[in-house]
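All of the numbers you see were taken from the coordinates with simple rules; none came from a lab. What you see is a predicted model, and the numbers here were worked out from it, not measured in a lab. Glycine also receives a Cβ, built like all others from the backbone with ideal geometry; neighbour counts cover every protein chain displayed.
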Amino acid sequence: MSFLDKPQPLWWRKALFQIHLWIGLFAGLYAIIIGISGSILVFKQELAALSYPHLMRAPHPERPERADLFAVMESARVAYPDFRLSGGYLPGLGSENVLIYMQGSRERDLFVMADASDGRLLGALELESTWLHWISDLHFHLLLGLPGYVVNATGAGLLLLLSLTGLVLWWPGIRRWTHALKVDFRRSWRRINFDLHSAAGFYTLAFVVMWSISGIYFVFPKQVAAVVNVFSSVEGGRDPEIHVKAQRRSADLSAVLGQAMRNFPTCRLAGVYLGEDANHPITVFMARGRRSDFTQMDYVYFHPESGRQLAVWHSGVNPTLGSAFVFWLAPLHFGINWGLGIKTLWALLGLSLPALAVTGALMYWNRYLGRRWKRLRSAAPKAESTVP
């Protein structure tokens with residue numbers, strides 16, 4: 001008897017089933033939360049436009065884009081003096097309008113919108129007050145703040161173990177492996193539930209593994225990159241870590257933006273991020289393709305005090321397999337760079353996580369909890385009849 005012919009009686013497969021079962025029981029709720037919230041966030045831009053059309057929708061879409069990013073950022077700075085200017089993004093990056101990102105005290109973040117045709121400020125949105133922010137916080141932090149990142153990485157690790165053990169358990173033998181790819185709806189509901197769990201787990205395996213690895217990478221990027229680097233260099237696949245020493249952020253932002261556009265004439269200005277403080281560079285985003293596609297973006301780094309260009313990272317240009325691996329973890333995780341069709345597919349695939357959790361829980365009920373419940377119910381009348 002071998003694993004290829006008839007794996008079910010093998011002792012180690014039975015042990016692996018117990019590991020799969022108990023990991024599933026612990027990670028089931030996590031899979032439901034992360035799957036549903038992730039599927040919603042795939043359409044974050046579309047949902048924001050529906051929720052706040054007066055800010056996200058262009059008031060004059062027929063007019064050409066003429067707003068100057070630097071001028072709009074200065075207008076936002078004057079209009080909201082209690083907030084610190086953090087970045088500015090032209091239409092395509094989260095909104096049909098110019099979007100200015102500002103930070104305030106007590107972790108208050110503000111999105112200020114401006115008409116792309118003339119730069120007129122349209123209003124502001126406090127992120128913490130939106131339902132989409134709550135969904136994002138649930139997905140990325142599990143509503144636990146910064147410790148939620150570590151919990152999320154642990155959950156992603158459990159999903160990876162579930163995927164790998166599930167692949168071994170899925171194998172029914174060389175003669176029946178094609179049956180494990182189908183769902184026979186003529187059978188009992190218990191068998192249909194089993195087939196759904198088995199088939200869905202197989203067809204979504206690659207995606208769940210990708211989401212698991214990328215989820216771990218987002219929390220521990222250096223550690224994951226170090227492991228990949230053992231096999232293939234990751235150079236070029238990650239944005240460089242640039243540390244500067246500056247007394248203050250005093251660079252002429254208008255001159256910085258102008259320098260980036262002159263140095264990269266074949267690209268389009270997409271946005272700018274000013275950095276957390278004076279020890280971080282100013283990052284200008286120059287789009288080689290669509291502004292919303294960060295897989296085709298040049299990141300140009302400038303000194304926050306002198307305005308001198310420090311470095312360039314050509315996002316999406318990966319010279320090695322290792323650099324391509326770590327680079328594509330983020331775009332593939334979110335699935336938002338390739339249009340509405342891929343977004344819809346990603347959202348449906350994300351819902352496979354709660355579906356697998358529910359069908360797995362039903363399998364546990366059918367095999368163990370349901371029988372135990374029946375024994376307890378049948379034993380209760382007998383116990384009552386013996387009472388004098």
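Does anyone have the angle between helix 205-219 and the longest principal axis of the chain? Alpha-carbon axes, 0 to 90°, nearest 10? Approximately 50 degrees, to the nearest 10.
Quick one: if the Förster radius is 41 Å, what FRET efficiency do Leu167 and Leu143 give, using the C-beta to C-beta distance and rounding to 0.05?
The calculated FRET efficiency here is 0.85.
For segment 238-317, the relative contact order works out to 30 percent when only alpha carbon pairs closer than 8 Å and six or more residues apart are counted. Using 7 Å Cα-to-Cβ label points, what is the Asp277/Ala226 separation (nm, one decimal)? Result for the modelled spin labels: 2.5 nm. Taking the 0 to 90 degree range and rounding to the nearest ten, how far is the long axis of helix 321-334 tilted relative to the main principal axis of the chain, both from C-alpha atoms? Roughly 80 degrees, rounded to the nearest 10.
Between 0 and 90 degrees, the angle of helix 11-41 with respect to the longest Cα principal axis of the chain falls at about 40 degrees. By the beta-carbon count within 10 Å of each Cβ, the least crowded to most crowded order of His54, His280, His243, fewest first, is His243, His54, His280.
Working out 0.36 nm times the residue gap between Leu10 and Leu25, then minus their Cα-Cα distance, what length gain in nm do you get to one decimal? Please report the intermediate quantities before stating the final value.
Working: separation 15, 0.36 × 15 = 5.40 nm, distance 2.30 nm.
Full extension from Leu10 to Leu25 adds 3.1 nm.
Here r is the Cβ-Cβ distance between Thr344 and His133 and R0 is 30 Å; the resulting FRET efficiency, rounded to 0.05, is 0.80. Where in segment 316-353 does the amide nitrogen come within less than 16 Å of the point 7 Å from the Cα of Ser233, taken along Cα to Cβ? It comes to 317-327, nothing else.
When the label point is put 7 Å from the Cα of Arg108 along its Cα-to-beta-carbon vector, which residues of segment 115-141 have a backbone N closer than 16 Å? Zone members listed by number: 124-130. Packing, as the average of other Cβ atoms within 10 Å across residues, places the peptides 97-105, 357-365, 172-180 in the order 97-105, 357-365, 172-180, highest first.
The modelled label-to-label distance between Leu369 and Asp118, using points 7 Å beyond Cα along the C-beta direction, is 6.1 nm. Dividing the mean sequence gap of close Cα pairs (under 8 Å, 6+ apart) by how many residues the chain holds gives a relative contact order of 18 percent.
Dividing the summed helix terms, -39500 (n - 2.57) for each DSSP H run of n ≥ 4, by the number of residues in the chain produces a 222 nm estimate of -16500 deg cm²/dmol to the nearest 500. Sorting 2-11, 75-84 by average packing, meaning the other beta carbons within 10 Å per residue, from highest down gives 75-84, 2-11. In this rough spin-label picture, where each label sits 7 Å from Cα along the Cβ direction, the Arg268-Phe185 distance is 4.5 nm. Using 0.36 nm per residue and subtracting the Cα-Cα separation, the extra length available between Ile192 and Val150 on full extension is 11.5 nm.
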